[in-house]
Amino acid sequence: MRRSRRIPILIAGISALALAACSGPSSGKSDQSGQSGPKATLNLFMYQKPVGVFGPLAPASGPDQQVNSLIYDTLLLADSQGKLVPMAAAAAPTVSADGKTITYKLKPGLKWSDGQALTSKDLVFTYTRAADTNTGSGWSAYLTNVTGLADFEAGKAKTIAGFSAPDDQTFVIKQSVPDVGIVGRVSAIGILPEHTLATLPIKDFGTNAWFRKPTVGSGPFTFTDYKTDQFVHVTANPKFREPVGVKDVYVKPVTADVATQELSTGEMDIAWISADDVKTVEGFSNVGVDEVKVPGFVRATWNQQEARFKDPRVRQAFLYAVDRAGLVDSALQGHGVVANDILDPIWAGTDINQYPYDPAKAKELLKAANWDSSKVVKLSWIPGGNPDRDAAATVLQQQLNEVGIKLKLDQVQSSWFTSAYKNHSFDMVIYGGGDYKTEPSNIGPPTGCHSWVPDGPNVGSYCNKQLDALVAQAAGVVDPEQRAAIWKQAAKIENADPSMMWLYSLNNLFGVNKRVQGFQPLNNSNWFEPWKWTVAG
């Protein structure tokens, strides 16, 4: 019998912890001596303390993923616009007419940081470990259709037939059913060295102690050290496929206010900033502000294992009851947009309910659904790291109370989420994330009827079989126009039967020291083409 495929929840990306300021390099400041090229040092803001397991198959953690994107290469990676860009791959993969076979070609001359050749055999190794549920991989649920996986997991085969390397530059994925969306879902898996890791135990491979201090990497930087609560230090990889522009990078977990202060003093070179701090940072003579739209969004998710949240009219009432456009204007200072569906607007289209602020409509729906206004709804979130979420929680409490929903605010720490999700012991939670722009089929696991936590990332235990059917249908459609039409149907279903309380998409805002050149805003937790960063003299 096949085991459930567990997709770890992105807990660490929910908010920033209140951590003490750290020193980073021994001087406590970035290199201001005018050094350039591979001798320069950069300090990056890490919005939360990492777990400390720097491996691409470990349970998802935003801060750790920041580090992973520096030390592991990938086949493809989404840029800030959500477009997949070739990385280790020479070009976008070819997809067979039946949607079952995906073929990647690697760039020539790839090497590991220890000088060994990086070949397609390393891709077979990486993806085999990623698909195997025994490794604790967070990617396994996205590879269920690979040919031969069932026999491999049952012990009937020593390899997964659907992964092959016809030559050193070619990696092929074959599937038992058509699924063109797999390209957008799994091309960003960090590539692992078979010659170093093949002998590690399969069980819990993704969290093996080796990944606490990985010695061989495929990315532009190699791991050097992690000083708990202070910094992660990575160093330029001279064997990388492109020249690397800076020698040392220190990724430092500090609070948002400390990061903003350190931008002004030059102790921090690149940092996320809140909408409230944009004008302050724009006033720093040494810092510029970069802004980019992101594919993810902030949401408040109901625990739909509670009977009171099962009626779609109740969930619709929550949306009508909150002035989400006003929240964007006030808490986000206009640096974002209202979300009205789990799918990005490029897939959902505009022919969906916008759920305008309408308290009277909310009260009408609650009455029709026999809502019990005497029962408290507890809204949990991590305070302090994301000012917009703090403001959102306050607005939700005020405006939901006004329509007869007795909302109580519950401030928690990041460690709370693991148990709360696993035991379904929450009413509502605020969190963010979700790249459904690059590949819309990514909505499948967080909304699927069979991927409730802990067997998947469906936090709210949502289930709509019509939506599941359309997600499955879209997977087998190769024609882009036909596929887009299916996603518009899916969006209408989820818009009418909300899987979560979509709130807003907050633009990524970065303060960047003006001496830094080549910086491109990251998409979610992946630094994009960091080898292009240089420091002007």
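Here are a few things to note about the model shown:
- Residue list for the range 165-189, filter: small (Gly, Ala, Ser), surrounded by fewer than 21 Cβ atoms within 10 Å (Cβ to Cβ) and within 30 Å of residue 115 (Cβ to Cβ): 165
- The one condition in (1) surrounded by 23 or more Cβ atoms within 10 Å (Cβ to Cβ); (2) touching a residue at least 24 places away in the same chain (Cβ under 8 Å) that residue 162 fails to fulfil: (2)
- Test set (1) open to solvent by 20 Å² or more (accessible area, probe 1.4 Å); (2) touching a residue at least 12 places away in the same chain (Cβ under 8 Å) - residue 302 fails condition number: (1)
- Residue satisfying all of: in the range 456-465; outside any helix (DSSP H, G or I) and not polar (S, T, N, Q); nearest to residue 416 (Cα to Cα) among these: 459
- The conditions of being farther than 26 Å from residue 69 by Cβ and not aliphatic (A, V, I, L, M) are not met by residue 517.
- The residue list 99, 138 contains one member that is of a type in the set (Gly, Ala, Ser), out of contact with any Leu (no Cβ under 6 Å at 6 or more places or on another chain), closer than 30 Å to residue 229 by Cα and at pLDDT below 95, which is 138.
- Scan of the range 309-338 for residues that are in contact with an Asp or Glu (Cβ under 7 Å, 6 or more places away or on another chain) and either closer than 24 Å to residue 421 by Cα or open to solvent by less than 10 Å² (accessible area, probe 1.4 Å) (or both), ordered by number: 312, 332
- Scanning the range 466-498 for residues that are under 26 Å from residue 93 (Cβ atoms) and not in a helix (DSSP H, G or I) yields 476, 477, 478, 479.
- The residue that is nearest to residue 188 (Cα to Cα), among those in the range 420-444 that are open to solvent by 60 Å² or more (accessible area, probe 1.4 Å) and in a helix (DSSP H, G or I), is 422.
- Positions within the range 70-81 being modelled with pLDDT under 95 and either out of contact with any Ser or Thr (no Cβ under 7 Å at 6 or more places or on another chain) or open to solvent by less than 10 Å² (accessible area, probe 1.4 Å) (or both), in sequence order: 77, 79, 80, 81
- Residues of the range 231-260 classified as among the polar types (S, T, N, Q) and at pLDDT below 95, total: 2
- Residue within the range 108-115 that is open to solvent by 20 Å² or more (accessible area, probe 1.4 Å), closer than 26 Å to residue 152 by Cβ and among the polar types (S, T, N, Q) present: no
- Selection count, the range 403-419, where residues are crowded, with 16+ Cβ neighbours inside 10 Å and in a loop (DSSP other than H, G, I, E, B): 5
- Flag if residue 271 is under 19 Å from residue 63 (Cβ atoms), open to solvent by less than 30 Å² (accessible area, probe 1.4 Å) and out of contact with any His (no Cβ under 6 Å at 6 or more places or on another chain): yes
- Annotation note: Cβ proximity below 8 Å between a residue of the range 219-236 that is on the phi > 0 side of the Ramachandran plot and open to solvent by 50 Å² or more (accessible area, probe 1.4 Å) and a residue that is at pLDDT below 95 and assigned to a loop (DSSP other than H, G, I, E, B) (sequence gap 6+ or interchain) occurs for 229/19; 229/20; 229/22; 229/49.
The values are calculated or read from the model by the stated rules, or taken from the named source; none is laboratory data. This one's a predicted model, so the numbers in the text were calculated from it and none came from an experiment. Neighbour counts are summed over all protein chains in view; Cβ atoms, including those assigned to glycine, are modelled from backbone coordinates with ideal geometry. The accessibility values were calculated without ligands, DNA or RNA, using every heavy atom of the protein model including side chains. Shrake-Rupley method; radii C 1.70, N 1.55, O 1.52, S 1.80 Å.
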